[in-house]
Ligand code: GLN
């Protein structure tokens, strides 16, 4: 390396370091400042595009942008739009997964679904075929539909009540299905139905495939605002006990396994990049929401519908990255003794 190359290299390195590590850590009490900064930094960003493969999602206002952070002692820090609701979509996979682990124990997910990342798009059929229905991960569509098929209930209606109750308990409020989104996807989800049938062919679908796909589609259509999503994430951050209502929704053990799966595949095939940059278990949905969990500290949620090519909200990723960086809470950031 000659002298000028060395200088360029050092400049790049310095910039990278100063971008990723704050000169001075913001104190944990400065949550509001971190949330406000993240909001301001991206409020006028115009990157990404609403999902449109579910037709109704293309009609959602792309300018919705809300951030909420809820700590495990129940304090709430917010910025932007907290009123607008979007469908949870894939974020719902987390809570149905948690309920199945709660009902059947972590071994059932390990044996019947698999917990390795597929490394493929969230609705990949090749991923099923390559592993003959094994190792399909509960947070991408095949594993998620199979997980929904495992939920307790004598019939479809009972299973739905179970799913809805679980989501309500995590949120601490009564959530509603976004009916136009549900109908729009239900009329057009041949690919998910194909996934469910292919799993059935491999004996890895545990309820009627048509009804399981329908339940899954309905859970994805549950409507949430940033506050509600953040409380759901904070319940995970608090070992399964809702920090606002005080209700124990799932056990600490269930929470541990749920968070681990979020680390493997929460942002689909960008999960490695996410873990590298942010380090926290997280989950995105094509409705535009992302939740992230700082275990023992807080849950954070950001809603902004425009997505990148793999289906993750552009602003939500950036905002959460900034918050975690400013709070110095990347879990693998270690100050040597
Ligand atoms: N309901 C959506 C689907 O099955 C959820 C996908 C997502 O949020 N990634 O396609």
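The values are calculated or read from the model by the stated rules, or taken from the named source; none is laboratory data. The structure presented is a predicted model; accordingly, all values stated were derived computationally and were not measured. Backbone-built Cβ (ideal geometry, glycine too); neighbour counts: all protein chains shown.
Residues in segment 34-67 that are touching a residue at least 24 places away in the same chain (Cβ under 8 Å), part of a helix (DSSP H, G or I) and in contact with a helix residue (DSSP H, G or I) (Cβ under 9 Å, 6 or more places away or on another chain): 34, 35, 37, 38, 39, 41, 42, 55, 56, 57. Evaluated against (1) within 12 Å of the ligand (Cβ to nearest atom); (2) touching a strand residue (DSSP E or B) at 6+ places or on another chain (Cβ under 9 Å), residue 224 falls short on exactly one condition, (1). Quick one: in segment 267-288, which of the residues that are more than 14 Å from the ligand (Cβ to nearest atom) and in a loop (DSSP other than H, G, I, E, B) is farthest from residue 41 (Cα to Cα)? Checked segment 267-288; the qualifying residue farthest from residue 41 (Cα to Cα) is 281. Can residue 154 be described as in contact with a strand residue (DSSP E or B) (Cβ under 6 Å, 6 or more places away or on another chain) and at pLDDT 95 or above? Criteria not met by residue 154. Among the residues here, residue 80 qualifies as buried (at least 22 other Cβ atoms within 10 Å of the Cβ), at positive phi and either within 14 Å of the ligand (Cβ to nearest atom) or at pLDDT 95 or above (or both). Close contacts from segment 87-106, counting a first residue that is over 25 Å from residue 311 (Cα atoms) and modelled with pLDDT of 95 or more and a second that is within 16 Å of the ligand (Cβ to nearest atom) and in a helix (DSSP H, G or I), with Cβ to Cβ under 6 Å and a gap of 6+ residues or different chains, come to 100/147.
Would you say residue 70 is surrounded by 24 or more Cβ atoms within 10 Å (Cβ to Cβ), in a strand (DSSP E or B) and more than 16 Å from the ligand (Cβ to nearest atom)? Can you show your working first?
Working: surrounded by 24 or more Cβ atoms within 10 Å (Cβ to Cβ): yes; in a strand (DSSP E or B): yes; more than 16 Å from the ligand (Cβ to nearest atom): yes.
When the stated conditions are applied, residue 70 passes them.
When segment 134-163 is filtered for residues that are within 16 Å of the ligand (Cβ to nearest atom), part of a helix (DSSP H, G or I) and over 13 Å from residue 205 (Cβ atoms), the ones remaining, listed by number, are 160, 163.
Answer yes if at least one residue in segment 2-11 is away from the ligand (no atom under 16 Å from the Cβ) and modelled with pLDDT of 55 or more, and no otherwise.
No, segment 2-11 contains no residue that is away from the ligand (no atom under 16 Å from the Cβ) and modelled with pLDDT of 55 or more.
Tell me the residue from 264, 255 that is out of contact with any strand residue (DSSP E or B) (no Cβ under 8 Å at 6 or more places or on another chain), at pLDDT below 95 and more than 12 Å from the ligand (Cβ to nearest atom), please. Residue meeting the stated conditions: 264.
To keep it simple, each residue is scored yes or no on (1) under 21 Å from residue 261 (Cα atoms); (2) surrounded by fewer than 24 Cβ atoms within 10 Å (Cβ to Cβ).
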position	(1), (2)
135	yes, yes
139	yes, no
156	no, yes
181	no, no
186	no, yes
194	no, yes
234	yes, no
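Looking at segment 289-296, is at least one residue assigned to a helix (DSSP H, G or I) and in contact with a helix residue (DSSP H, G or I) (Cβ under 7 Å, 6 or more places away or on another chain)? Within segment 289-296, none of the residues are assigned to a helix (DSSP H, G or I) and in contact with a helix residue (DSSP H, G or I) (Cβ under 7 Å, 6 or more places away or on another chain). Looking across segment 297-313, the residues that are within 15 Å of the ligand (Cβ to nearest atom), modelled with pLDDT of 95 or more and in a loop (DSSP other than H, G, I, E, B) come down to 304, 305, 306, 308, 312.
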